Amino acid sequence: MTGTKLEDVLYPKKFWRITPSFQILIVSILFTIYTLTAYLNYQDTGTMFGYPLSISILFVPIYEEIIFRGFILLGLMKYYSWKKAIIISSLLFGLWHLKNIFFISQISQNELIYKMIYTAFIFGPIMAHITLKSKNIWIAVILHYLNNLLAPLFILVFNSYIK
């Protein structure tokens, strides 16, 4: 997994049977669904998934993957093994989500801690591994959009399970 460069992962390339055109189509469809869901959420709550109204929330999966799996992960791989780079970038990704305490008005400390643990120890390493294996950041972007769309469902199930 060594030798992967930022420019290598930023350009869509065929992964398994998913062509670059289909990847772009999937990202576009998921962006549209995410935008419509955010709009409906805004209509109901006055927020976009608990965040204040901002168009940037719609691009979170794209810029987080570019920052954490592009710049940080691949930058760390210049100095560390791919395993250490995945661990460090994933821990930083989890820590990054501490910012949510300032933006999500209804978030509890426990919910924030669960999100940080999930992103640092489950989601981050999986997306890093997928990016390195596929040498394609766009597969991780697609999965990140799906994760963010399905997260409210998982939270409902998890909260009902722990009560």
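Let's see how each residue does on (1) out of contact with any Pro (no Cβ under 8 Å at 6 or more places or on another chain); (2) surrounded by fewer than 12 Cβ atoms within 10 Å (Cβ to Cβ):
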position	(1), (2)
E7	yes, yes
I24	no, no
F31	yes, no
T35	yes, no
L40	yes, yes
T45	yes, no
I55	yes, yes
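Yes or no: the range 80-89 includes at least one residue that is more than 24 Å from T131 (Cα to Cα), polar (S, T, N, Q) and surrounded by 14 or more Cβ atoms within 10 Å (Cβ to Cβ). Checking the range 80-89: not a single residue is more than 24 Å from T131 (Cα to Cα), polar (S, T, N, Q) and surrounded by 14 or more Cβ atoms within 10 Å (Cβ to Cβ). In the set (1) without any contact (Cβ under 8 Å) to a residue 40 or more places away in the chain; (2) within 16 Å of P152 (Cα to Cα); (3) small (G, A, S); (4) out of contact with any Leu (no Cβ under 8 Å at 6 or more places or on another chain), A38 fails one condition alone, (4). In the range 108-118, the count of residues that are of a type in the set (F, W, Y), surrounded by 19 or more Cβ atoms within 10 Å (Cβ to Cβ) and in contact with a helix residue (DSSP H, G or I) (Cβ under 8 Å, 6 or more places away or on another chain) is zero. Considering N147, N159, the condition of being under 27 Å from K83 (Cα atoms) and out of contact with any Leu (no Cβ under 9 Å at 6 or more places or on another chain) is satisfied by N147 alone.
Considering K83, K78, the condition of being outside any helix (DSSP H, G or I) and over 18 Å from the mean Cα position of the chain (by Cα) is satisfied by K78 alone.
A short reminder: the numbers here are calculations on the coordinates, not readings from a lab. Predicted model only: the values in this text are computed from it and were never measured. We place every Cβ from the backbone using ideal geometry, glycine too, and count neighbours over all the protein chains shown.
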